[in-house]
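Following: one structure in structure tokens, then a few remarks.
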There are 2 protein chains.
Amino acid sequence: MIPPHSLAPLVHGGDLDAARKLFPGAPEPFLDLSTAVNPHPYPIPEVWPEQFAHLPDAESLNLLTGYAATAYAAPSEANVVPAPGSQILMTLLAGLVSPGHAAILGPTYAEHARVAALAGHEVTTVKELAPLGDADLAIVVNPNNPDGRICGKHELLRIAEQQRARGGLLIVDEAFMDAGPRGESLGLHVEDAHVVVLRSFGKFFGLAGLRLSFALAATELAARLRASLGPWPISGPALTIGKAALWDWDWIDETRMSLGHAAVRLKKLLADAGLEIVGYTELFHLVRSPDAQQIFERLGRAGIFVRRFEQEPEWLRFGLPGAEAQWLRLETALRA
Amino acid sequence: MIPPHSLAPLVHGGDLDAARKLFPGAPEPFLDLSTAVNPHPYPIPEVWPEQFAHLPDAESLNLLTGYAATAYAAPSEANVVPAPGSQILMTLLAGLVSPGHAAILGPTYAEHARVAALAGHEVTTVKELAPLGDADLAIVVNPNNPDGRICGKHELLRIAEQQRARGGLLIVDEAFMDAGPRGESLGLHVEDAHVVVLRSFGKFFGLAGLRLSFALAATELAARLRASLGPWPISGPALTIGKAALWDWDWIDETRMSLGHAAVRLKKLLADAGLEIVGYTELFHLVRSPDAQQIFERLGRAGIFVRRFEQEPEWLRFGLPGAEAQWLRLETALRA
């Protein structure tokens with residue numbers, strides 16, 4: 001009943017073990033540009049051993065939820081659900097919609113299709129927004145990964161309106177919204193529209209290993225998700241670091257700006273190397289080249305790991321280098 | 001359709017904010033004996049910032065899974081699923097059984113009933129094992145929290161056999177098995193019997209804030225749980241610390257012994273205070289007294305927080321004190 005492919009793990013960025021097996025002689029350390037995570041993480045406040053020892057307390061969790069409501073412009077903290085990563089939220093949400101037809105605006109982050117199929121939905125990938133209104137479960141990544149496509153808020157609200165009429169649900173994965181066009185976020189509309197917004201903490205704050213994400217949803221649905229996750233949904237460190245970071249507006253503003261500058265620099269570097277830019281967000285650029293596989297190999301042998309795509313052999317996705325030496329290393333390897 | 005009480009949070013131990021509101025003048029720091037977590041945590045190996053920054057890699061996750069298979073005596077690592085706490089495993093498992101009749105051996109840890117009801121099951125608490133064989137979803141906590149009751153492996157396997165015949169599922173929550181009668185664990189039987197075992201890392205290793213648990217299940221069911229949790233189920237620190245701790249047999253053996261000694265000491269201390277011992281595990285003692293509420297108040301005013309039970313007003317549960325000064329503080333307060 002469950003399509004077998006939904007049980008098999010998918011290929012994702014960030015698997016340096018795989019990189020080392022592909023390029024055994026490459027110079028270490030590998031420069032991992034295969035993910036789309038901010039290379040300059042939020043400076044971790046001191047994590048005390050007791051944050052590992054004790055169960056995260058309810059009051060701190062409420063505080064974090066309040067900060068997240070402000071940072072992500074949710075109507076109120078009753079609309080915010082902290083979770084140990086977006087993946088489990090996707091699984092829970094897909095399971096709350098009776099098995100039917102799931103439509104995903106794509107090509108996009110492949111976990112959405114896998115998880116929807118696992119929950120028993122028949123999954124279609126569509127290229128335009130319109131057919132999403134007829135699905136039982138509609139999924140949009142906005143801005144999209146890997147091509148950076150941005151859907152306008154009003155178009156998405158129209159889909160959510162259709163979902164309301166048919167009793168369906170629209171999920172908008174805003175994992176790359178923090179540094180992006182925040183005015184297009186649907187966070188403020190989750191109470192009235194049939195839409196759930198997913199926000200990822202780890203990408204913008206450069207702390208993917210912390211496992212922290214949030215669902216923004218109507219009060220009732222948020223309560224249901226919270227009940228499914230139970231009283232201790234996230235770790236002590238995620239609670240402590242999340243609270244500090246989501247409230248640190250200076251860091252957030254500076255980071256939005258510096259990621260913007262870095263994205264411009266990456267675009268120029270890739271264009272100078274003769275690569276066609278297909279799309280981008282502040283955290284990655286997608287390029288197209290008939291020589292993509294050779295470039296992947298050349299970079300790999302130089303210890304630089306980028307993201308390629310099984311279905312799109314002419315595509316490569318580049319995350320942001322961090323230190324100046326990493327930028328130079330990428331530039332040199334692309335010119336070689 | 002969902003019973004409303006399954007959405008409301010339950011009362012649990014460890015909520016020191018609640019304790020401070022109940023006993024505003026109490027001396028700080030509070031001595032929290034309301035949980036059942038080892039007060040001497042596993043010494044945390046150095047957690048590098050990059051463990052927070054990068055996505056946990058697949059190879060480390062496989063390594064952890066292998067160590068857990070050995071530590072928990074699972075048939076193989078294909079039977080082991082790491083998760084960010086037992087709660088989400090309970091939610092996923094309850095959702096995999098078509099809504100029907102869930103029977104729980106009780107009284108026990110209240111989250112099981114809440115989660116089963118949330119998944120749409122009609123929940124009954126039963127006092128003996130026999131009726132569990134007729135349920136669609138049968139749940140046993142072994143050793144049981146809060147009364148320490150131990151079910152024999154062969155009795156449980158008989159229930160699992162009945163579950164196999166009727167296509168149901170037995171969940172055995174072995175959160176307190178690490179320091180307990182490990183010979184009664186069903187870990188070795190998950191491939192053949194219709195049983196899933198839950199193991200909690202945080203209690204025995206004293207690291208509840210890390211959020212790390214494991215399901216032991218038949219290969220196919222384990223694959224399904226793994227697929228639901230996705231490629232990055234646990235945090236970087238949980239991966240690093242879990243790998244170190246589950247492989248540290250010296251620490252594990254010494255801790256089993258020292259928890260055993262501490263439990264004997266706690267039993268004597270409580271008995272000397274005139275309290276009737278109802279049951280225990282190495283990590284907590286449950287006592288009965290007609291004066292339980294007054295003792296709860298007296299300890300609270302002395303800054304010692306123990307666990308009471310709404311349904312059983314004569315019960316109190318005591319976790320283990322850690323430092324010598326904490327033992328003395330408890331002894332003094334009980335005598336006052």
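Number of residues in region A:313-336 that are modelled with pLDDT under 95 and either β-branched (Val, Ile, Thr) or open to solvent by less than 70 Å² (accessible area, probe 1.4 Å) (or both): the value is 0.
Total residues in region A:57-75 satisfying the condition of being in contact with an Asp or Glu (Cβ under 8 Å, 6 or more places away or on another chain) and polar (S, T, N, Q): the figure is 2.
Within region A:50-62, the set of residues being facing another protein chain (nearest Cβ under 7 Å), open to solvent by 30 Å² or more (accessible area, probe 1.4 Å), in contact with a Pro (Cβ under 9 Å, 6 or more places away or on another chain) and not polar (S, T, N, Q) comprises A:Leu55, A:Ala58.
Can you tell me which residue in region B:298-321 is farthest from the chain's Cα centre (by Cα), limited to those that are of a type in the set (A, V, I, L, M, F, W, C) and not in a strand (DSSP E or B)? The residue in question is B:Ala302. Just one of the numbered conditions (1) under 18 Å from A:Val196 (Cβ atoms); (2) surrounded by fewer than 24 Cβ atoms within 10 Å (Cβ to Cβ) is not true of A:Met177: (2). Screening A:Thr65 against (1) under 15 Å from A:Ser235 (Cα atoms); (2) more than 7 Å from chain B (Cβ to nearest Cβ); (3) out of contact with any helix residue (DSSP H, G or I) (no Cβ under 7 Å at 6 or more places or on another chain) leaves a single unmet condition, (3).
Would you be able to say whether some residue in region A:182-196 is at negative phi, open to solvent by less than 10 Å² (accessible area, probe 1.4 Å), in a loop (DSSP other than H, G, I, E, B) and not β-branched (Val, Ile, Thr)? Yes, region A:182-196 has at least one match.
For (1) modelled with pLDDT of 95 or more; (2) facing chain B (nearest Cβ under 9 Å); (3) over 22 Å from B:Glu111 (Cβ atoms), each residue gets a yes or a no:
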site	(1), (2), (3)
A:Phe205	yes, no, yes
A:Ala208	yes, yes, yes
A:Arg211	yes, yes, no
A:Gly230	yes, yes, no
A:Trp249	yes, no, yes
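Tallying residues that are in contact with a His (Cβ under 9 Å, 6 or more places away or on another chain), part of a loop (DSSP other than H, G, I, E, B) and open to solvent by 40 Å² or more (accessible area, probe 1.4 Å) within region A:121-160 yields 1. Take the conditions open to solvent by 60 Å² or more (accessible area, probe 1.4 Å), modelled with pLDDT of 95 or more and over 26 Å from B:Gly13 (Cα atoms) and apply them to B:Arg164. Does it pass? Considered against the rule, which asks whether it is open to solvent by 60 Å² or more (accessible area, probe 1.4 Å), modelled with pLDDT of 95 or more and over 26 Å from B:Gly13 (Cα atoms), B:Arg164 comes out as no.
Taking only region B:77-120 into account, find how many residues are away from every other protein chain (no Cβ under 14 Å) and either more than 23 Å from A:Ala119 (Cβ to Cβ) or open to solvent by less than 10 Å² (accessible area, probe 1.4 Å) (or both). Residues in region B:77-120 being away from every other protein chain (no Cβ under 14 Å) and either more than 23 Å from A:Ala119 (Cβ to Cβ) or open to solvent by less than 10 Å² (accessible area, probe 1.4 Å) (or both): 11 in total. Among the residues making up region A:273-297, those that are in a helix (DSSP H, G or I) and either modelled with pLDDT under 95 or out of contact with any Asp or Glu (no Cβ under 8 Å at 6 or more places or on another chain) (or both) are A:Gln293, A:Gln294, A:Ile295, A:Phe296, A:Glu297. Taking first residues from region B:296-312 that are under 16 Å from B:Gln326 (Cα atoms) and partners that are among the basic types (Lys, Arg) and crowded, with 16+ Cβ neighbours inside 10 Å, the Cβ contacts under 7 Å between residues at least 6 apart in sequence or on separate chains come to B:Ile304/B:Arg329; B:Val306/B:Arg317. Annotation: B:Gly209 fulfils all but one of (1) surrounded by 24 or more Cβ atoms within 10 Å (Cβ to Cβ); (2) outside any strand (DSSP E or B); (3) touching a residue at least 12 places away in the same chain (Cβ under 8 Å); the unmet one is (3).
Quick grid of which residues meet (1) open to solvent by less than 50 Å² (accessible area, probe 1.4 Å); (2) under 23 Å from B:Pro43 (Cα atoms):
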position: B:Leu259; (1), (2): yes, yes
position: B:Val264; (1), (2): no, no
position: B:Lys268; (1), (2): no, no
position: B:Glu276; (1), (2): no, no
position: B:Leu286; (1), (2): yes, no
position: B:Asp291; (1), (2): no, no
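Count of region B:22-44 residues, restricted to those that are within 10 Å of another protein chain (Cβ to nearest Cβ) and surrounded by fewer than 20 Cβ atoms within 10 Å (Cβ to Cβ), is 4. Taking the listed residues A:Val11, A:Val47, the one that is β-branched (Val, Ile, Thr) and open to solvent by 70 Å² or more (accessible area, probe 1.4 Å) is A:Val11, with no other qualifying. Does B:Leu259 count as away from chain A (no Cβ under 14 Å) and in a helix (DSSP H, G or I)? For B:Leu259, the condition - away from chain A (no Cβ under 14 Å) and in a helix (DSSP H, G or I) - is met.
The values are calculated or read from the model by the stated rules, or taken from the named source; none is laboratory data. Here the structure is a predicted model, which is why all the values come from computation and not from measurement. Every residue, glycine as well, gets a Cβ built from its backbone with ideal geometry; the counts of neighbours run over all protein chains shown. All accessible areas refer to the heavy atoms of the entire protein, side chains included, with ligands and DNA or RNA removed. Shrake-Rupley method; radii C 1.70, N 1.55, O 1.52, S 1.80 Å.
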